[in-house]
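Only the coordinates and a few stated rules stand behind these numbers; no lab work does. Keep in mind the model is a prediction, meaning the values are calculated, not measured. A quick note on method: Cβ atoms are made from the backbone with ideal geometry, for glycine too, and the neighbour counts reach across all protein chains shown.
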Amino acid sequence: LKKAALGVIAEQLTENEIAHLREAFARLDTDGNGVLTVDELAAAINGAGHAEIDDEVAALMSGIDVDGNDTIDYREFLAATMERNHFIRDERLQKAFDHFDRDGTGQITLENLEEAMGSHEHALEIMQQVDANADGVISFEEFA
């Protein structure tokens with residue numbers, strides 16, 4: 001859910017706010033195809049003077065690759081870099097929350113998650129992880 005929410009927030013950012021991130025992505029995307037591969041990430045890390053760390057690069061990749069296609073597209077890159085950035089503000093969190101609260105009840109239900117995530121199993125797993133008070137819905141406080 002966190003990755004998906006960060007993706008929603010990434011879509012709200014202005015070009016001025018993310019210009020430096022676009023440049024960084026372009027530098028990493030050495031073949032210019034619009035996605036980052038494990039090899040490109042490993043080359044960037046190794047080029048920065050770090051020893052071969054293939055297992056760590058693979059773990060990094062799996063943590064960022066939201067759609068599971070073994071590449072990182074620009075939207076996934078933005079979401080991953082924003083997590084440690086100042087871009088996550090209350091109003092953006094609220095917009096991301098509202099994206100999942102599709103029926104406007106002020107809570108994210110299992111049905112909302114199923115619609116957003118595409119499967120009952122994935123929605124149930126997220127609900128179990130995020131619903132801290134086990135009331136069957138995700139409040140804004142639990143989401144944030």
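If we count every other residue with Cβ under 11 angstrom of Ala116's Cβ, Lys/Arg +1 and Asp/Glu -1, where does the sum land? Can you show the working numbers first?
Values: positive: Arg102; negative: Asp101, Glu111, Glu114, Glu115.
Result for the local shell: -3.
Show me, bin by bin at 5 Å from 0, the whole-percent P(r) of the range 90-144 based on Cα pairs.
P(r) for the range 90-144, in whole percents per bin: 4, 24, 33, 26, 12, 1.
Which far-off residues, 5 or more places away or on another chain, put their amide H under 5 Å from the one on Asp73, with H placed in the peptide plane?
Here Leu36 satisfy the definition.
Taking R0 as 30 Å, what's the FRET efficiency between Arg102 and Ala43 from their Cβ-Cβ distance, rounded to 0.05?
On the way: r = 41 Å, r/R0 = 1.36.
In this case the efficiency is close to 0.15.
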